[in-house]
Amino acid sequence: MKRFSLAIQGWLLILPALSVLMVFTHWPALATFIDSFYSTPKGRRPSRFVGLSNYEQMLSDPVFWKAAINNLIFVAGTVPLSIALALIMALWVNDKLKGRTALRMAFFTPTILPMIAVANIWLFFFTPQYGLLEQITGLFGAPSWPWLGSDKTALFCVIIVAVWKEAGFFMIFYLAALQQISPTLGEAASLEGASRWTFFRRVQWPLLMPTTLFILINAMINGFRLVDHVFVLTHGGPDNSSTLLLYYIYEVGFKYWDTAYAATLTTVLLATLALIAAIQYGILERRVHYR
Amino acid sequence: MTQDFTPHRRQVLGGLGALAAGTALGTPALAQGASEISFFYPVAVGGPITKLIDGFAEGFQKDNPGLAVKPIYAGSYQDTIVKALTAHKSGTPPVTSVLLSTDMFTLIDEEAIVPFDDFIKTDDDKAWLKSFYPAFMENSQTGGKTWGIPFQRSTIVLYWNKEAFKEAGLDPEKPPQTWDEMTAFAQKLTKRDANGNVTQWGVQIPSSGFPYWLFQGLTTPAGAVLMNPAGTEVYFDKPEVTTALQYWIDLATKHKVHPPGIVEWGTTPKDFFERKVAMIWTTTGNLTNVRNNAKFPFGVAMLPAQKRRGSPTGGGNFYIFKKAKRAEQEAAFKFIKWITTAERAAQWGIDTGYVAVRPDSWDTPAMKKYVADFPQAAVARDQLPVSVAELSTHDNQRVTKALNDALQAALTGTKPAATALKDAQTEATRILKDYK
């Protein structure tokens with residue numbers, strides 16, 4: 001009986017948090033999944049059950065495929081690059097050097113700035129002829145190029161801005177992890193005469209693995225979530241060459257008002273994210289070294 | 001979409017002071033039982049435009065005790081329609097809102113709005129409805145009914161740098177009148193450095209975001225109409241449309257007087273200020289922006305002609321929402337009529353740079369004085385008689401997206417003009433088949 005009341009007490013304690021989570025996360029996700037089997041209600045035409053026809057529409061939608069492929073390129077571009085940069089920056093500002101607080105601040109700044117504001121600044125960086133980028137390439141006599149206005153480089157520009165935005169945030173996690181590593185390990189390594197590279201490869205990197213896993217998952221999720229700058233930089237153009245899945249979902253849902261099809265796309269996106277998380281926790285975690 | 005990322009709601013000139021002083025007194029407390037008209041307006045909170053709108057709301061209340069307008073600043077046009085339609089679906093829409101004129105079919109299909117015809121009773125009402133420029137009414141009427149009232153409307157014009165014209169040996173007071181002239185002028189205006197890199201382009205027509213709108217500045221002179229008034233058919237694959245697109249492509253690839261690829265809408269005025277381009281096409285809404293930031297004398301001209309002259313209109317209309325109470329709708333109608341009198345339309349045009357929506361606004365003393373000081377402001381008005389409706393159909397954003405994608409594919413060289421337009425036609429026809 002005592003144990004039973006303890007259990008009730010426990011449930012009551014988490015009830016507020018749980019109900020918020022249910023109402024704002026789990027229920028919408030479930031409702032989205034259900035909506036994906038119905039048609040979009042329009043005026044006098046109520047929605048009706050249509051089975052898998054929204055999914056069939058999706059498979060034959062070239063823009064969906066374009067967005068999906070772009071998103072894979074976006075993830076492949078942003079994740080390794082932002083993690084590598086974060087690690088390098090963290091190792092750098094972890095050392096005892098003059099002005100490291102200022103340096104840490106500098107690296108972290110992009111994270112604090114609102115993405116839309118930042119994208120407006122980047123818009124001018126990428127501007128042909130007098131933008132910052134072309135002022136530099138212009139010094140070497142390189143010809144002008146429409147960075148955001150070409151289907152060959154638009155996605156690349158979108159990736160660069162995302163990496164710039166993300167790296168500083170991930171750096172914080174690496175920095176925190178690096179400071180957890182006992183200084184005695186470093187002292188022992190230097191007594192043994194280990195090179196800095198060996199120390200990193202054999203000591204720091206393995207000890208950072210849990211952090212890396214955490215960052216990897218976050219980076220992957222952000223790879224599907226980070227689209228704010230697309231609204232400002234390219235609107236998904238030219239000709240969908242920089243459209244990402246979430247941006248396309250917004251277009252379908254809030255510009256075309258095709259809510260059923262947007263629900264279908266959202267379901268696919270959710271499933272993809274769930275799969276990624278499952279793989280990472282299931283497979284990678286076993287190979288991660290925990291103390 | 002035409003005004004999303006522009007300095008479109010720009011600094012306000014004179015007249016603001018008086019209105020701002022009015023708002024400083026604060027909104028008087030609502031009388032008991034007064035009906036309140038919620039009004040979604042597409043602008044971010046703060047800034048000079050909100051002061052103007054607050055001033056209008058207050059002035060209306062003063063003239064109509066017992067009625068109160070409550071402006072709600074809802075962000076960009078896109079944000080505002082998302083908020084308004086979501087509110088409509090949940091059963092509590094605003095009573096009235098300013099939204100893009102091109103959203104008319106979307107709002108009708110969602111059964112979100114009521115036509116204005118229900119409120120037109122007196123001869124005065126009828127005269128008021130006829131007082132607007134017909135070019136603006138094209139995007140406000142369909143099926144014999146009026147669904148929107150023009151408020152903040154714009155059109156595309158050509159801005160040119162008079163200094164650059166002089167340097168190139170052109171008459172700085174003569175803008176290009178035809179397509180051939182524009183090409184010829186642009187060739188003289190394009191400057192290259194020793195390496196052959198362009199330092200100043202002749203002309204640029206932005207193509208990011210909503211290229212279809214600027215494209216209508218080419219298709220209209222080419223003699224093409226892109227859609228039927230019922231919004232159920234489009235004509236993207238007509239030969240005139242292909243001609244128009246080919247001209248645009250040729251400016252960049254054949255004549256090499258226009259930047260290659262997609263030209264960003266948002267940076268186009270800046271390109272002009274930086275003298276990286278001698279002629280630009282952009283909205284009349286940029287007039288004040290250019291006036292304040294161009295460090296050289298500039299001119300404003302109608303778009304050049306091919307078979308005829310012409311430009312699309314753009315911008316926002318007033319709509320009244322269906323699920324609001326009848327009394328609230330009546331009050332909103334009264335407000336819309338009040339805010340679009342000749343004098344107020346003139347003042348709004350002067351303060352913001354939008355084109356005053358009624359011919360008689362231009363005969364008001366305030367407007368006459370403004371035009372005398374700043375004759376460029378009248379170019380948009382003079383272009384109105386040849387202006388046409390902005391592309392708008394059922395399932396509007398999807399159809400325009402098909403055209404936008406085609407235009408961008410052709411401009412970046414991924415597809416030839418005719419193929420791209422044919423693809424857009426097929427896609428648009430597929431989307432529109434449900435509305436036949």
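The aspartates and glutamates whose alpha-carbon is closer than 17 Å to the alpha-carbon of A:K66, local same-chain residues fewer than 8 away aside, are A:E56, A:D151, A:D239, A:E251, B:D405, B:D423, B:E427. Between amide H atoms placed 1.01 Å from N, distances below 5 Å from B:V263 occur with B:S207, B:S208, all of them 5 or more places distant or on a separate chain.
Of the GluC sites (Glu not before Pro) in the range B:174-259, the ones in a loop by DSSP (not H, G, I, E or B) with at most 16 other beta carbons within 10 Å are B:E233. Measuring against 18 Å, Cα to Cα, the residue pairs B:K145/B:K401; B:K70/B:K325; B:K162/B:K188; A:K42/B:K89 contain B:K145/B:K401 as the ones spanning a longer distance. Taking B:I205, B:I262, B:I280 as the candidate residues, the one with maximal mean-square fluctuation in a Gaussian network model of chain B, Cα springs under 10 Å, is B:I262. Note on B:D193/B:H255: beta-carbon distance plugged into 1/(1 + (r/R0)^6) with R0 of 22 Å gives a FRET efficiency of 0.75. Note on chain B: GNM, Cα springs under 10 Å; of B:T232, B:T267, B:T155, the largest mean-square fluctuation is that of B:T267.
When the Gaussian network model of chain B links Cα atoms closer than 10 Å, the mean-square fluctuations of B:T352, B:T253, B:T96 top out at B:T253. Nearest 500 deg cm²/dmol is fine: what mean residue ellipticity at 222 nm does chain A get from its DSSP H runs of n ≥ 4 alone, each adding -39,500 (n - 2.57), divided by its residue count? Result for chain A: -22000 deg cm²/dmol, rounded to the nearest 500. Residue-wise HN-Hα couplings along the range A:149-155, as the Karplus relation 6.51 cos²θ - 1.76 cosθ + 1.60 with θ = phi - 60° gives them from phi, are x, 10, 5, 7, 10, 4, 5 Hz; Gly and Pro carry x. Relative to one another, the C-alpha centroids of the range A:46-81 and the range A:123-181 are positioned 26 Å apart. Other protein chain C-beta atoms within 10 Å of residue C-beta, averaged over A:229-242: 6.
Cross-link partners of A:K98 among lysines, defined as those whose alpha carbon lies under 28 angstrom from its own and excluding same-chain residues fewer than eight positions apart: A:K165.
Any read-out appearing in this document is the output of simple, stated calculations on the displayed coordinates, not a laboratory observation. Being a predicted model, the structure only gives us computed values, none of them experimental. Using ideal geometry, Cβ is built from the backbone for each residue, glycine included, and neighbour counts are taken over all protein chains shown.
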